[in-house]
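Engineer: Pasting a structure here, questions to come.
The values are calculated or read from the model by the stated rules, or taken from the named source; none is laboratory data. These numbers come from a predicted model, not from an experiment. Reconstructed Cβ throughout: ideal geometry from the backbone, glycine too, with neighbour counts over all protein chains shown. We work out accessible area using only protein heavy atoms, side chains counted, and drop any ligands, DNA or RNA first. Shrake-Rupley method; radii C 1.70, N 1.55, O 1.52, S 1.80 Å.
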Amino acid sequence: MAIEVRKVVLESVSDASGLSEAIDEGVFDADGVIAVVGKTEGNGGVNDFTRILADQAFREVLMARGTRSEAEVAEIPMVWSGGTDGILCPHATVFARVDDVAPAGDDPRLAVGYAMSDVILPEDIGRPAMVEKVAGGVQRAMAEAGIDDPADVHYVQTKTPLLVMETINDAKARGHTVYTEDPLESMNVSNGTSALGIAVALGEIPMPGADQIGHDLSLYSSVASCSSGVELDRAQTVVVGNVRGAGGRYRIGHDVMHDALDFEGVYRAIRSAGLELPERARAEDLDGKLVNVFAKCEADPTSRLRGRRQVSLDDSDVHHHRHIKGAVGGVIAAAVDDPAVFVSVAALHQGPSGGGPVAAIVDLG
């Protein structure tokens, strides 16, 4: 079966009307939905419950409109990234399996696979054990997508557990230490460790040592987009790539933004997906064929951007995550003329330091 992709806007915190409308219009069946990747309007922190509200709303629609049981719908990966700072728009990208209306050609087309890792214990976060567990989940998701060559993987979205006081105390009670006792910092660490697991699975880097995790910024994945939260205890993994003969209209590509102003990285990712653009591309050159952009970003740890001093890392009032998400969101939205783009922070080991990976899905007709 081919993959259909539809971007829908969230008009309120728990709005799933866009999903309902797509089902009603016959874009895909409720039972065909295999994954959702979305942005919600909360604070993006440990206690961002807008992610849970959006998750509940989307699963309720799938149960009401389809035939799958509650347990089956609960297994569908839904990765919600909190925080639509600046001009970013709350939205979701829905992936669904559909019957292809045209004979499948030999051109590469979109393929999606999903897997869960083994249980990630609190003491695993930030350590080689988590890298290994995430890598195993990525390899299973690739197999489920029918992707044999790591070069055909262009986007890997994970959702992993982070540390909260309950799990920190649980580890201590069992005689273990944890990487950090700061729950917010553990979000960044969990994301970065997951990214290294993706990089190992795809052969981008060798297995890192414990002292390199969170410290050696030369190690990164160019396709990783990692989020974390309190909702799960394993790595929920969605692999998106291209497979010859998969059928359908869509293709994905990727590149990296080398810094927060590198809008050309967005156009490089779109070209990688197969859409021809002029050398100096503009939003109007996309001709309505871009489905969505998925990017990770971070404030440059050197506090410099193209030689200019930056102060967000010194801001005690507004966390630097909020600064950089709003800034990069504006850069990408301007590049594609759409504020409903997926921009997420805490990009440790995801793309070059101070930048981040960017993936693009295009409709090739």
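Engineer: Restricting to region 299-350, what's the tally of residues that are aliphatic (A, V, I, L, M), within 20 Å of GLU264 (Cβ to Cβ) and touching a residue at least 60 places away in the same chain (Cβ under 8 Å)?
Structural biologist: Summing the residues that are aliphatic (A, V, I, L, M), within 20 Å of GLU264 (Cβ to Cβ) and touching a residue at least 60 places away in the same chain (Cβ under 8 Å) in region 299-350 gives 12.
Engineer: The conditions are (1) crowded, with 18+ Cβ neighbours inside 10 Å; (2) out of contact with any helix residue (DSSP H, G or I) (no Cβ under 8 Å at 6 or more places or on another chain); (3) more than 21 Å from LYS7 (Cα to Cα), and ALA346 fails exactly one of them. Which is it?
Structural biologist: All conditions pass for ALA346, except number (2).
Engineer: Let me ask you something else. Taking ALA115 and the conditions (1) within 23 Å of SER222 (Cβ to Cβ); (2) free of Cβ contacts under 8 Å to residues at least 12 places away in the same chain; (3) of a type in the set (Gly, Ala, Ser), which numbered condition does it fall short on, given that it satisfies the others?
Structural biologist: (2)
Engineer: Within region 65-93, take every residue that is assigned to a helix (DSSP H, G or I) and touching a residue at least 12 places away in the same chain (Cβ under 8 Å) and give me the one that is least open to solvent (accessible area, probe 1.4 Å).
Structural biologist: If we take residues in region 65-93 being assigned to a helix (DSSP H, G or I) and touching a residue at least 12 places away in the same chain (Cβ under 8 Å), then VAL73 is least open to solvent (accessible area, probe 1.4 Å).
Engineer: Would you mind telling me which numbered condition in (1) under 28 Å from SER272 (Cα atoms); (2) crowded, with 24+ Cβ neighbours inside 10 Å MET207 fails?
Structural biologist: (2)
Engineer: Then there's this: I'd like to verify a number: residues in region 9-43 that are in contact with a His (Cβ under 8 Å, 6 or more places away or on another chain) and open to solvent by 20 Å² or more (accessible area, probe 1.4 Å), how many?
Structural biologist: Summing the residues that are in contact with a His (Cβ under 8 Å, 6 or more places away or on another chain) and open to solvent by 20 Å² or more (accessible area, probe 1.4 Å) in region 9-43 gives 1.
Engineer: Going through region 278-302 one residue at a time, which ones are more than 23 Å from the chain's Cα centre (by Cα) and open to solvent by less than 20 Å² (accessible area, probe 1.4 Å)?
Structural biologist: Selection gives ALA281 alone.
Engineer: Next up: Would you mention how many residues in region 25-71 are over 24 Å from GLU4 (Cα atoms), of a type outside the set (Val, Ile, Thr) and either more than 19 Å from the chain's Cα centre (by Cα) or at pLDDT below 95 (or both)?
Structural biologist: Residues in region 25-71 being over 24 Å from GLU4 (Cα atoms), of a type outside the set (Val, Ile, Thr) and either more than 19 Å from the chain's Cα centre (by Cα) or at pLDDT below 95 (or both): 7 in total.
Engineer: Do we find that ASP124 is of a type outside the set (Ser, Thr, Tyr) and surrounded by fewer than 22 Cβ atoms within 10 Å (Cβ to Cβ) in this structure?
Structural biologist: The answer is no for ASP124.
Engineer: Collect the residues in region 327-343 that are open to solvent by 10 Å² or more (accessible area, probe 1.4 Å) and under 23 Å from TYR220 (Cα atoms), keeping them in residue-number order.
Structural biologist: ALA327, VAL331
Engineer: Within region 315-327, can one find any residue that is touching a His at 6+ places or on another chain (Cβ under 9 Å), hydrophobic (A, V, I, L, M, F, W, C) and modelled with pLDDT of 95 or more?
Structural biologist: No, the conditions are met nowhere in region 315-327.
Residue-by-condition table, conditions (1) among the basic types (Lys, Arg); (2) within 23 Å of LYS159 (Cβ to Cβ); (3) without any contact (Cβ under 8 Å) to a residue 24 or more places away in the chain; (4) surrounded by fewer than 22 Cβ atoms within 10 Å (Cβ to Cβ):
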residue: ASN191; (1), (2), (3), (4): no, yes, no, no
residue: VAL238; (1), (2), (3), (4): no, yes, no, no
residue: VAL243; (1), (2), (3), (4): no, no, no, yes
residue: ALA246; (1), (2), (3), (4): no, no, no, no
residue: ASP259; (1), (2), (3), (4): no, no, no, yes
residue: GLY265; (1), (2), (3), (4): no, no, no, no
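Engineer: Considering GLY326, GLY330, GLY351, which residue is touching an Asp or Glu at 6+ places or on another chain (Cβ under 9 Å), under 19 Å from VAL9 (Cβ atoms) and not acidic (Asp, Glu)?
Structural biologist: Only one candidate passes the filter, namely GLY326.
Engineer: Out of the residues in region 44-54 meeting the condition of being assigned to a helix (DSSP H, G or I) and open to solvent by 30 Å² or more (accessible area, probe 1.4 Å), tell me which one is nearest to LYS296 (Cα to Cα).
Structural biologist: Restricting to residues being assigned to a helix (DSSP H, G or I) and open to solvent by 30 Å² or more (accessible area, probe 1.4 Å), the top hit is ILE52.
Engineer: Which of the following residues is more than 19 Å from LEU88 (Cα to Cα), open to solvent by less than 20 Å² (accessible area, probe 1.4 Å) and not aromatic (Phe, Trp, Tyr): GLY356, GLY351, GLY365?
Structural biologist: Matching residue, one of GLY356, GLY351, GLY365: GLY351.
Engineer: Same structure again: Please determine whether any residue of region 176-187 is among the β-branched types (Val, Ile, Thr), in contact (Cβ under 8 Å) with a residue 40 or more places away in the chain and open to solvent by 40 Å² or more (accessible area, probe 1.4 Å).
Structural biologist: Within region 176-187 (the criterion being among the β-branched types (Val, Ile, Thr), in contact (Cβ under 8 Å) with a residue 40 or more places away in the chain and open to solvent by 40 Å² or more (accessible area, probe 1.4 Å)), the answer is yes, since at least one residue qualifies.
Engineer: Sticking with this structure for a sec: Among the candidates ILE147, ILE168, which residue alone is under 21 Å from the mean Cα position of the chain (by Cα) and either under 22 Å from MET257 (Cα atoms) or among the hydrophobic types (A, V, I, L, M, F, W, C) (or both)?
Structural biologist: The match here is ILE147.
Engineer: Further question on the same structure: Check LYS159 against each of (1) modelled with pLDDT of 95 or more; (2) open to solvent by less than 20 Å² (accessible area, probe 1.4 Å) and name the one condition it does not meet.
Structural biologist: The failed condition is (1).
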